[in-house]
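K.L.:
Can you read through this structure? Questions will come right after.
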Amino acid sequence: MITRSPAKVQTTGPLLASDAADKARWQRQLSQAIRSPEALCRRLELDPAWLPGAAQGHALFEVCVPEAYLSRIVPGAPQDPLLRQVLPLAAEGETPDGFVNDPLSEAAHTPRQGLIHKYAGRVLLIASPTCAINCRYCFRRHFPYDANAPSRAQWQQSLDYLRDDPSLHEAILSGGDPLAASDRQLAWLVGELEAIPHLKRLRIHTRLPVVIPERIDAALLDWLAASRLQKVVVLHINHANEIDDAVMAACARLKAAGVTLLNQSVLLRGVNDSVDDLAALSERLFEAGVLPYYLHVLDPVAGAAHFDVPDGEARALVAELRKSLPGFLMPRLVREVPGEASKTPL
Ligand SMILES: *Cc1c(COP(=O)(O)O)cnc(C)c1O
Ligand code: SF4
């Protein structure tokens, strides 16, 4: 089984050579993230009985959790919905039929290195190969990131691809987590995108404002607020407990910079598979100024089968949820079907 490269601290980025000399506070937080099952179990006061399984899962996909996220987890509570997203388990070694390494067949839609073009009008750019956290259910846990972290020259090829196709109106920065790249790198990339006249929108899919809210700092807000492009940030939050005061404040800073805030979640067994959890998440998102966008059913990635919620149950949950929320707080339940022209509503 291929293992993704660990979410190591970025000393060299995908866009430019090293600019790590003056690290931002969020970068220092990231470099201090917990990266071993032993340290994770110790920090969260878990029974040592969890260790062997955690070590097995870690061997398949490395642990990475920064303190800002850990501080929202209740110590000694193995069923904590945030802990379940980051604690490796022996079950990750099980791969039932249908659970594969590249569930979305992205390899077939990569016309340039680090560029995925599946849907009309928009392309996805892998702006950083790494993340600030390793989520156990991640559909990119086997993604060959090393082969998808382009150099400056390779970026020019992706930018040419965008320039040459006037039907493209939106660039989506993804990863990994695009905000794991430095602001110098991102400001350069966004500057290049802005110069493409047919591009209207910049969309950023990120979990960093939730994992390390300090990531939304002055350096980031500078280039973001200055951009002529319409800006959308799609956060990735799965549970109301992930939204603490620091996350609320980070969302407020993004909104003040002119960003439209949306959220996508993944429906996960043992994390948010109840009407109460999903309703609380939508309510809390709106308090933070964020609208629910998608609720994804799990992509069948090898190692994540224990998070799966069957379609019938997912539909029933969402039908119940609709009875307790205003329409604008209802996420769309979708699945990504390889080969389809959009996400597929369930
Ligand atoms: C999900 C996805 C998008 C965005 O789809 P929307 O429905 O616009 O949110 C774009 N490109 C790729 C490759 C995707 O996987
Ligand atoms: S932040 Fe997103 S891309 Fe990174 S590990 Fe988590 S789910 Fe995967």
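K.L.:
Could you work out what % of the accessible surface of the chain is carbon and sulfur, using a 1.4 angstrom probe and leaving DNA, RNA and ligands out of the count?
P.N.:
55 percent
K.L.:
Okay, next question. Taking H as built 1.01 Å from N, whose amide H comes closer than 5 Å to the amide H of Leu173, not counting residues under 5 places away?
P.N.:
Amide H neighbours of Leu173, under 5 Å, 5+ apart: Leu125, Arg203, Ile204, His205.
K.L.:
Continuing with the same structure: As I understand it, the dipole of the chain uses +1 on the Cβ of Lys and Arg and -1 on the Cβ of Asp and Glu, about the Cα centre. Which of Val86, Gly175, Ile196 lies farthest toward its positive end?
P.N.:
Of the options given, the answer is Ile196.
K.L.:
Calculated FRET efficiency, His109 and Ala218, Cβ-Cβ r, R0 25 Å, to nearest 0.05? If you can, show how the numbers build up before the last one.
P.N.:
Numbers: r = 36 Å, r/R0 = 1.45.
Efficiency, rounded to the nearest 0.05: 0.10.
K.L.:
Calculate the all-directions average of the projected area of the chain's alpha-carbon convex hull, and give it in nm².
P.N.:
On the way: hull surface 64.3 nm².
Seen from a random direction, the Cα hull of the chain projects 16.1 nm² on average.
K.L.:
What is the set of long-range amide H partners of Asn101 at a cut-off below 5 Å, with H atoms built 1.01 Å from backbone N?
P.N.:
Distant-sequence amide H within range of Asn101: Ala302.
K.L.:
Just to verify a number: FRET efficiency for Ala341 and Glu38, C-beta to C-beta distance, R0 = 51 Å, to 0.05?
P.N.:
Result of the calculation: an efficiency of 0.65.
K.L.:
If you don't mind, there's one more thing I want to ask. Mean separation of Cα pairs under 8 Å and 6+ residues apart, divided by the residue count of the chain: what relative contact order is that in percent?
P.N.:
Relative CO of the chain lands at 17 percent.
K.L.:
If Rh is defined by the Kirkwood formula over all Cα pairs and Rg also comes from Cα, what ratio Rg/Rh do you get for region 18-93?
P.N.:
Ratio of gyration radius to Kirkwood radius for region 18-93: 1.03.
K.L.:
So, R0 is 30 Å and r is the distance between the beta-carbons of Ala225 and Arg152; what FRET efficiency does that work out to, to 0.05?
P.N.:
0.75
K.L.:
Please compare each pair in Lys23/Lys231; Lys23/Lys200; Lys200/Lys255; Lys118/Lys200 to a cut-off of 21 Å on the Cα-Cα distance and tell me which ones are over it.
P.N.:
Cα-Cα > 21 Å for Lys23/Lys231; Lys23/Lys200; rest within.
K.L.:
I would also like to ask the following. Given C-alpha coordinates of region 66-148, what is the ratio Rg to Rh with the Kirkwood estimate of Rh?
P.N.:
Reported Rg/Rh (Cα atoms, Kirkwood Rh): 1.05.
K.L.:
Here's something else I'd like to know. If the only charges are +1 at each Lys and Arg Cβ and -1 at each Asp and Glu Cβ, what is the size of the charge dipole of the chain around the Cα centre, to the nearest 20 debye? Working shown, then result.
P.N.:
On the way: 36 positive and 40 negative charges, 152 e Å.
For the chain, the charge dipole is close to 740 debye.
K.L.:
With θ set to phi - 60°, apply the Karplus curve 6.51 cos²θ - 1.76 cosθ + 1.60 along region 120-132 and write out the HN-Hα couplings as whole Hz, x wherever there is a Gly or Pro.
P.N.:
So the Karplus estimates, Gly and Pro as x, are 5, x, 9, 10, 9, 10, 7, 7, 8, x, 10, 10, 8 Hz.
K.L.:
Check which residues have an amide H placed less than 5 Å from Leu89's amide H, if you skip close sequence neighbours.
P.N.:
Gly57
K.L.:
Taking Cα pairs under 8 Å and at least six residues apart, what relative contact order does region 223-346 come out at, in percent? Present the calculation step by step, with values, prior to reporting the outcome.
P.N.:
On the way: 184 pairs, mean separation 29.9, N = 124.
Contact order relative to length: 24 percent.
K.L.:
Using the Karplus curve 6.51 cos²θ - 1.76 cosθ + 1.60 with θ = phi - 60°, work out ³J(HN,Hα) for each residue of region 314-330 in order, rounded to whole Hz, and write x for Gly and Pro.
P.N.:
Using θ = phi - 60°, the values come out as 4, 5, 5, 4, 5, 5, 5, 4, 4, 6, 10, 10, x, x, 6, 9, 8 Hz.
K.L.:
OK, next. Report the antiparallel proportion of the DSSP beta bridges in region 55-189 as a percent, rounded to a multiple of 5.
P.N.:
40 percent
K.L.:
Tell me the Kirkwood radius of region 109-250: reciprocal of the mean inverse pair distance over distinct alpha-carbon atoms, in Å. Don't skip to the end; give the middle numbers.
P.N.:
Numbers: mean 1/r = 0.0640 Å⁻¹.
That comes to 15.6 Å for region 109-250.
K.L.:
Rounded to the nearest whole Å², what accessible area per residue is found for region 18-93 with the 1.4 Å probe?
P.N.:
On a per-residue basis, 44 Å².
K.L.:
With θ set to phi - 60°, apply the Karplus curve 6.51 cos²θ - 1.76 cosθ + 1.60 along region 158-175 and write out the HN-Hα couplings as whole Hz, x wherever there is a Gly or Pro.
P.N.:
Once θ is set to phi - 60°, the couplings for region 158-175 become 5, 5, 4, 4, 5, 4, 7, 10, x, 7, 8, 10, 9, 9, 10, 8, 9, x Hz.
K.L.:
Among DSSP beta bridges whose residues both lie in the chain, state the antiparallel percentage, nearest 5.
P.N.:
So the antiparallel bridges in the chain amount to around 20 percent.
K.L.:
Write down the accessible area per residue of region 222-346 in Å², having rolled a 1.4 Å probe over the full set of protein chains. Provide the component values of the computation, followed by the final result.
P.N.:
Values: 5070 Å² over 125 residues.
Heavy-atom SASA per residue in region 222-346 reads 41 Å².
The values are calculated or read from the model by the stated rules, or taken from the named source; none is laboratory data. On a predicted model such as this, the values are computed, not experimentally measured, just so you know. Positions of Cβ are backbone-derived with ideal geometry, glycine not excepted, and every protein chain shown enters the neighbour counts. The area values use the complete protein model at the heavy-atom level, side chains included, leaving out ligands, DNA and RNA. Shrake-Rupley method; radii C 1.70, N 1.55, O 1.52, S 1.80 Å.
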